[in-house]
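As structure tokens, the structure follows; a few thoughts come after it.
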Amino acid sequence: MRVIFIGPPGAGKGTQAAKVVERHGVAHISTGDILRENVKRKTPLGLKAKEFMNAGRLVPDELIVAMMKDRLRESDCAGGFILDGFPRTVPQAQALDALMVELDLELDAAVLFQVDDETVVERLSGRRLCRKCGAIYHAVFHPTAAEGVCDACGGEIYQRDDDKEAVIRNRLTVYHSQTAPLIDYYRSCGRLLEVDAAGSSDAVLVALEKRLGA
Ligand code: AMP
């Protein structure tokens, strides 16, 4: 399985990718996670990416493409992968196509997770994460039992800098202007699969597996 996940921030791409990976044993490659790790470790890439990320803007294509060229050559990708958050622009999609030719691989599908903007704002502005184990909560829909403390591991709960409402709105504007053109890009070559991502995560998984024929 070689699949890319497209959709606005907060569409549940990461959540669904984790479930599909668990079932099918493919690699889960989240560009957002790789970038956040680089920011945390203050690597040259992290230092360059940080300002863009905190403003809800896209990190420049050349940095992302170079990062993905290395990542897709790693051995865990041999058995298939889900690309979560890449490509996010048409130039990135073109670079991915070129890389797939170079690696003699084929992309099976691009899955579009459809969800409206207000649902995204509601989901992301309430999203909270555990600093230690990465567990995901929601301030209203799925709060921790004790405020600020992870139910699973007792770690500290925090809100991502880019999950503040003003930044979320900016990320949505960026999505509609820079990432949404990928919908036509993949539709025109017959590789687009569409999934309604507004429901519960279990319902979305059922729809997703059906679309993937998995
Ligand atoms: P995510 O966790 O996927 O929402 O990504 C968080 C942030 O990382 C985005 O708002 C961008 O600033 C950056 N980012 C992640 N993936 C990409 C990409 N493919 N191209 C450019 N920037 C990206």
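The values are calculated or read from the model by the stated rules, or taken from the named source; none is laboratory data. Quick caveat, the model's predicted, so the values are computed rather than measured. With ideal geometry, Cβ positions are generated from the backbone for all residues, glycine too; neighbour counts draw on all protein chains shown. Accessible surface areas use protein heavy atoms only, side chains included; no ligands, DNA or RNA. Shrake-Rupley method; radii C 1.70, N 1.55, O 1.52, S 1.80 Å.
Solvent-accessible area per residue in segment 85-214 equals 52 Å², computed with a 1.4 angstrom probe and all protein chains kept.
Sorted into 10 angstrom bins from 0, the C-alpha pair distances of the chain split as 8, 33, 40, 17, 2, 0 percent. What angle do you read, to the nearest 10 degrees and between 0 and 90, between the alpha-carbon axis of helix 61-71 and the longest principal axis of the chain? Here the helix axis deviates by roughly 80 degrees. Can you give the % of DSSP beta bridges in the chain that are antiparallel, to the nearest 5? Here the antiparallel bridges make up roughly 30 percent for the chain. What shape does segment 101-203 have by the C-alpha gyration tensor, where a ≥ b ≥ c are the square roots of the eigenvalues, rounded means a/c under 1.5, and otherwise prolate means a/b greater than b/c and oblate the rest? Prolate, since a/c reaches 1.5 and a/b exceeds b/c.
Selection among ALA146, LEU172, LEU193 by position relative to the dipole of the chain gives ALA146 as farthest towards the positive end (Cβ unit charges, Cα centre).
Sparse packing (at most 13 other Cβ atoms within 10 Å of the Cβ) combined with a DSSP loop state is found for the following GluC sites (Glu not before Pro) in segment 25-90: GLU74.
Between ILE34, ILE168, ILE64, the residue with the greatest mean-square fluctuation in the GNM of the chain (Cα pairs under 10 Å linked by springs) is ILE34. Relative to the Cα centre, the charge distribution of segment 10-76, modelled as +1 at Lys and Arg Cβ and -1 at Asp and Glu Cβ, gives a dipole magnitude of about 180 debye.
Would you mind checking which residues have amide H under 5 Å from ARG160's amide H? H placed 1.01 Å from N; only 5 or more apart, or other chain. Residues meeting the criterion, in which the H sits 1.01 Å from N, are LEU129. Share of carbon and sulfur in the accessible area of segment 1-100 stands at 52%, probe radius 1.4 Å. Rounded to the nearest 10 degrees, the angle from helix 31-40 to the longest Cα principal axis of the chain is 50 degrees. Listed cross-link partners LYS48/LYS132; LYS19/LYS50; LYS164/LYS210; LYS13/LYS48; LYS48/LYS69 are compared with a 23 Å cut-off, the Cα-Cα value being larger for LYS48/LYS132; LYS19/LYS50; LYS164/LYS210; LYS13/LYS48.
Compared with the dominant Cα axis of the chain, that is its longest principal axis, helix 44-54 is turned about 60°.
Rolling a 1.4 angstrom probe over segment 154-214 with all protein chains present gives an accessible area of which 50% lies on carbon and sulfur atoms.
Restriction of the trypsin sites (Lys or Arg not before Pro) in segment 118-160 to DSSP coil positions whose beta-carbon has at most 13 other beta-carbons within 10 angstrom yields ARG131, LYS132. Looking at segment 1-109, the trypsin sites (Lys or Arg not before Pro) that sit in a DSSP loop and have at most 12 other Cβ atoms within 10 Å of their own Cβ are ARG41, LYS42, ARG73. Which one of ALA166, ALA197, ALA93 has the biggest mean-square fluctuation once the chain is modelled by GNM with Cα springs under 10 Å? Highest fluctuation among the options: ALA166. Most fluctuating residue of THR43, THR31, THR179 in a GNM of the chain with Cα springs under 10 Å: which is it? Taking springs between Cα atoms under 10 Å, the residue moving most is THR43. The charge dipole of the chain, taken about the Cα centre with unit charges on the Cβ atoms of Lys, Arg (+1) and Asp, Glu (-1), comes to about 480 debye, rounded to the nearest 20. When a/c is below 1.5 the answer is rounded, else prolate if a/b is larger than b/c, else oblate, so apply that to segment 33-141 with a ≥ b ≥ c taken from the square roots of the Cα gyration tensor eigenvalues. Prolate, because a/c is 1.5 or more and a/b exceeds b/c.
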